[in-house]
Amino acid sequence: MTVAFLLAVGSLTSVGIYLITARSLSRILLGFSLLGHAAVLAILGSGGPAGEPPLANSAAPLEAANPLPQALALTAIVIGFGLTLFLLALARRQQLFTGDDLVEDDLEDQRIGAREALAKP
Amino acid sequence: MTALIAATVVAPLLAAAIGLLLRHRSRVRDGVTLVGLGTAMASSFALLYNVASGQSHAMLVGGWSRELGIVLVADLFAVLVLPVALSIIFIVELFAIGQRRTAWGANPELAGPLLLVLTGGVSLAILTGDLFTLFVAFELILVSSYVLLTHQGQQGQIRAGMTYVVMNLFASALFLLGLAFVYGATGTVNLALLAERIPELSDGARLGIGAWFFVVFGTKAAMFPLFSWLPDSYPTAPTTITAVFAGLLTKIGIYAMIRFHTLTGMDELGPVMLIVAGVTMIVGALGALAQNDVKRILSFHVISQIGYMLMGLGLFSAAGTAGAVLFLIHHMPVKTVLFLVGGLISNHQGTSSLDRSGGLVRSRPVIAVLFAIPALSLAGLPPFSGFVAKLAVISAGIASEEHIIVAVALIAGALTLLSMTKIWTGVFWGEPAEASMSAPARPTSAANRRLMTGATCLAVAGTLTISVFAGELFDLSERAATDLRNPSSYTALTIGTPP
């Protein structure tokens, strides 16, 4: 069980980070979703062994799963959901401006690039 | 006391909700915004008064037990930073009302409520006593900052906003993973309990957690080499938004770092922090020298100054931490004022580029004075607050015999003065350039201009007050640093007091 958890967290993190290094915002968005899932899984996994649903008056306290990581995970999921929508809106706006959703170089990189282009014969 | 603690967080959020409902009536909206910010600010000053006279308090949200629930802690460090932060936001909102037509751009209806949400996040981040609420507070701040930065939807803002959002989202994801590690290792996210349990971990786990959160908070604080998002995104936003961001956002990262790393006793990370601090100072200052626009120069100085606070923390001595706390208090208003003056300059001339401005010392002497005071303070010249703060950090460095970082700090100070001189000669001396002959892009009425200048004067007066009361503030910073380095007082405050 724990090994499966670790493998899931590890592979989600690596795929997520690989996607975040892409230029296109829609890939970055998918990367963040996967990384978010990895973090939520890691939080759940950090709460100890699985157990009964931790509902008041329904499970014996010792048999119930640890409810605190579940509360933390739930908060993280809600925040992640809002941010996903915001990133989608950002990608859409960039697409309206430039026709694609690529993350562009910052001003300083563009300036250095222009200088190098001038230096070449 | 608990009502005061609650008011600093709840009043802005409540006002944000009311402001959203009444968003179509601009005067009501502005009034609600000012009342919300004013209530939070007044409560924070009352808290400072109470805590400085020896009555620290903690508040249990929702009446849960201390280990499970959310605790808001008003210790000395928190209440020293909180009034400064909230006053800055209040003054910027005054400035923004004066500049309404240009300040918040295309969609001013949303700006007030968003600023209030950001304020609630700032209060929560400063007061919170557990790591997960800190994460939520960071997200509150960041989400409203994402929207404030990009909601005008201009192309440059979207371009810079993408870098900003991606970098900060990545740091947030690392924060969440770090929370999982901390909870897995210790079984709690409460800072006071962490202060007890983290030192008991094996060295590898303990330093791993410390280094992980150094990277997380360091990205928010824009330290080297994680600063690339800052100088690109800040100048694209309207003046008032940049002023709030520059004064507060990176400083909350440093605040969290000071809080977490002193409480959990990460002294072994000190040498790494000092190296990063030195490089951050120099890279920021050199980056500023290469720029040709008031806002971009000031943005690079945000990075450079982070280095000094990191240096104070990295020394891991009581004097160093006190210096970092004092520097934090000095730096927030000074940086905000400089950006507000940058706004006055571009409002007057229609540009903040150095090439296309000049001669402002004759046409607008008031702006020149308003710029000179915080600029000299930023460079660390006596008798301004920057001198006191830098002196505290540097003498702590000498006391710890870290001579290299002291030398680096002095060189960075000289470079800061050089780039302030660059702004001065470019904007204030010389002949008025072409652009300043023409009317500004969007003329503002005389009353609005008076409000903008008045708000800036108020902020300058605030920075001068800090230098007048530097002695008292330094004593308080030393007390705060002693508390920070001695977790038992924080633990007693958070866990030991009756509900």
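Quick notes on this one:
- Hits in the stretch A:45-65 (condition: at pLDDT 80 or above, of a type in the set (A, V, I, L, M) and under 23 Å from B:LEU176 (Cβ atoms)): A:ALA65
- Pair list, Cβ < 8 Å and 6+ apart or interchain, from the stretch B:471-483 residues that are in a helix (DSSP H, G or I) to residues that are surrounded by 19 or more Cβ atoms within 10 Å (Cβ to Cβ) and of a type in the set (D, E, K, R): B:ALA480/B:ASP75; B:ASP483/B:ASP75
- Residues being within 18 Å of B:GLY270 (Cβ to Cβ) and free of Cβ contacts under 8 Å to residues at least 12 places away in the same chain - total across the stretch B:382-409: 4
- Restricting A:PHE86, A:PHE97 to those that are at the interface with chain B (Cβ under 9 Å from one of its Cβ atoms), modelled with pLDDT of 90 or more, touching a helix residue (DSSP H, G or I) at 6+ places or on another chain (Cβ under 7 Å) and within 29 Å of B:GLN157 (Cβ to Cβ) reduces the list to A:PHE86.
- Test: residue in the stretch B:92-104 that is within 14 Å of chain A (Cβ to nearest Cβ) and surrounded by fewer than 24 Cβ atoms within 10 Å (Cβ to Cβ): no
- The condition of being at pLDDT below 85, farther than 22 Å from B:ALA277 by Cα and either out of contact with any helix residue (DSSP H, G or I) (no Cβ under 7 Å at 6 or more places or on another chain) or among the hydrophobic types (A, V, I, L, M, F, W, C) (or both) does not hold for B:GLN157.
- Helices (runs of 4 or more DSSP H) within the stretch B:198-286 that include 1 or more residues at pLDDT 90 or above and either among the charged types (D, E, K, R) or more than 26 Å from B:ILE158 (Cα to Cα) (or both): B:203-221, B:250-263
- If you filter the stretch A:72-110 down to residues that are assigned to a loop (DSSP other than H, G, I, E, B) and touching a Leu at 6+ places or on another chain (Cβ under 8 Å), you find that the one that is surrounded by the fewest Cβ atoms within 10 Å (Cβ to Cβ) is A:VAL103.
- Checking B:GLU93, B:GLU67 one by one, the residue that is among the charged types (D, E, K, R), touching a residue at least 12 places away in the same chain (Cβ under 8 Å) and in a helix (DSSP H, G or I) is B:GLU93 and no other.
- Residues located in the stretch B:35-45, provided they are in contact (Cβ under 8 Å) with a residue 40 or more places away in the chain and either surrounded by fewer than 17 Cβ atoms within 10 Å (Cβ to Cβ) or touching a strand residue (DSSP E or B) at 6+ places or on another chain (Cβ under 8 Å) (or both): B:GLY38
- For the stretch B:360-443, the helices (runs of 4 or more DSSP H) that sit wholly inside it and include 2 or more residues that are at pLDDT 85 or above and crowded, with 17+ Cβ neighbours inside 10 Å are B:365-379, B:385-399, B:403-423.
- Those residues of the stretch B:221-239 which are crowded, with 24+ Cβ neighbours inside 10 Å and over 23 Å from B:GLN152 (Cβ atoms), in sequence order: B:ALA221, B:MET223, B:PHE227
- Residue in the stretch A:42-51 that is assigned to a helix (DSSP H, G or I), loosely packed, with under 14 Cβ neighbours inside 10 Å and more than 10 Å from chain B (Cβ to nearest Cβ) present: no
- Criterion violated by B:LEU124 - all others in (1) within 17 Å of B:LEU37 (Cα to Cα); (2) more than 14 Å from chain A (Cβ to nearest Cβ); (3) modelled with pLDDT of 80 or more satisfied: (2)
- Filter result (within 21 Å of A:LEU35 (Cβ to Cβ) and more than 7 Å from every other protein chain (Cβ to nearest Cβ)) within the stretch B:144-176: B:SER145, B:TYR164, B:MET167, B:ASN168, B:ALA171, B:SER172, B:LEU174, B:PHE175
- Matching residues in the stretch B:235-285 - criterion: being of a type in the set (Phe, Trp, Tyr) and under 21 Å from B:GLY323 (Cβ atoms): B:TYR255, B:PHE260
- Filter result (closer than 22 Å to B:LYS220 by Cβ and facing chain A (nearest Cβ under 7 Å)) within the stretch B:177-186: B:LEU177, B:LEU179, B:ALA180, B:TYR183
The values are calculated or read from the model by the stated rules, or taken from the named source; none is laboratory data. As the structure is a prediction and not an experimental result, all values here were calculated from the model. As a convention, Cβ positions derive from the backbone with ideal geometry for all residues, glycine included, and neighbour counts pool all protein chains shown.
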